[in-house]
Amino acid sequence: MDPIPNIRRPRPLFITVEGIDGAGKSSQLAALRQALEAAGHTVVATREPGGTPLAESLRALFLHQPMDALTEALLVFAARRDHLATVIEPALAQGHTVLCDRFTDATFAYQGGGRRFDLAVLQTLEAWVQNGRQPDLTLWFDLDPALAARRRQAAREADRLEQETLDFFDRVRAGYLARAQAAPGRIVRVEAGQALADVQRDALAALQHYLQARGALA
Ligand SMILES: Nc1ncnc2c1ncn2[C@@H]1O[C@H](COP(=O)(O)OP(=O)(O)O)[C@@H](O)[C@H]1O
Ligand SMILES: Cc1cn([C@H]2C[C@H](O)[C@@H](COP(=O)(O)OP(=O)(O)O)O2)c(=O)[nH]c1=O
């Protein structure tokens with residue numbers, strides 16, 4: 001008889017990070033990944049829109065071509081469909097934890113909040129595309145839009161979305177707040193206006209709290 005491998009892998013998780021552009025979520029991904037690996041998870045790190053060759057092509061169009069709000073919503077959900085079918089679901093089925101930079105909360109915040117697009121249509125698309133799949137945990141890096149704009153200006157050239165007004169980002173932020181209020185057990189707000197190390201401390205604490213509460217440690 002083959003020996004049974006003495007490895008206890010924790011239950012795979014689907015974890016997402018969210019926030020307005022410049023909130024600092026990408027800066028926290030490496031530390032989150034390390035913490036998950038230290039807890040026994042094998043991690044697939046990915047992003048939206050993107051994460052597959054097709055979805056990365058859609059991302060390039062999305063970030064640079066002018067389009068209306070419905071087209072935006074259809075493109076991000078088309079990208080999401082391919083990403084779920086070819087990366088996220090297979091990874092979870094193989095026992096890997098998926099750490100994803102943005103997911104559907106971004107659609108409700110940007111297209112729903114920012115563009116004021118019909119939330120009922122987004123809910124219909126979500127149901128069609130996701131087949132019930134939702135993140136287990138979402139860390140929402142929340143930052144004042146004026147401060148986020150200053151951080152972005154110091155860091156990079158603005159893409160199509162990042163050229164939007166402060167009013168737009170106020171609505172995106174309000175969209176995230178509404179999502180967090182509707183799903184308080186899933187979405188955890190992290191105060192992103194602090195120094196990088198303090199944001200990291202709070203994000204890791206929220207992750208550890210979740211892992212302990214769900215028994216998701218190795
Ligand atoms: N807590 C922080 N304090 C100051 N600057 C930060 C902080 N977090 C990130 N930054 C900087 O702000 C810019 C945007 O951060 P980034 O992680 O790319 O944000 P996002 O992925 O949310 O758009 C980068 O130049 C980054 O170094
Ligand atoms: C996933 C998603 C992203 N977006 C937007 C948010 C961002 O402005 C942009 C790309 O996100 P992001 O990868 O965070 O950009 P960057 O690498 O420049 O930090 O796409 C939507 O509008 N709807 C969505 O559903």
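Here, each number is a calculation from the coordinates, and none is a lab measurement. Note that this is a predicted model, so its numbers are computed, not measured. All Cβ positions, even for glycine, are placed from backbone atoms using ideal geometry, and neighbour counts span all protein chains on display.
Tabulated data
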read-out	value
Contour minus Cα-Cα distance for Q94 and L61 (0.36 nm per residue)	8.7 nm
Where trypsin sites (Lys or Arg not before Pro) in DSSP loops with at most 15 other Cβ within 10 Å are excluded, longest remaining stretch of the chain	9-115
Residue among V43, V172, V17 with the largest mean-square fluctuation in a Gaussian network model of the chain, springs linking Cα atoms under 10 Å	V43
Label-point gap, in nm, between S27 and R156 - each point 7 angstrom along Cα→Cβ	1.3 nm
Dipole moment magnitude, nearest 20 debye, the range 115-197 about Cα centre, only Lys, Arg, Asp, Glu C-beta charged	60 debye
T86-Q208 pseudo-label distance in nm [points 7 Å out on the Cα-to-Cβ vector]	3.9 nm
Computed helical MRE - 222 nm, the chain, DSSP H runs ≥ 4 contributing -39500 (n - 2.57), nearest 500	-14500 deg cm²/dmol
Estimated distance in nm for a label pair at R133 and Q194, the labels positioned 7 Å out from Cα along Cα-to-Cβ	3.2 nm
Efficiency of FRET between R201 and R9 - r from beta-carbon atoms, R0 45 angstrom, step 0.05	0.95
Stretchable slack from R116 to T42, in nm (0.36 nm times residue separation minus alpha-carbon distance)	22.8 nm
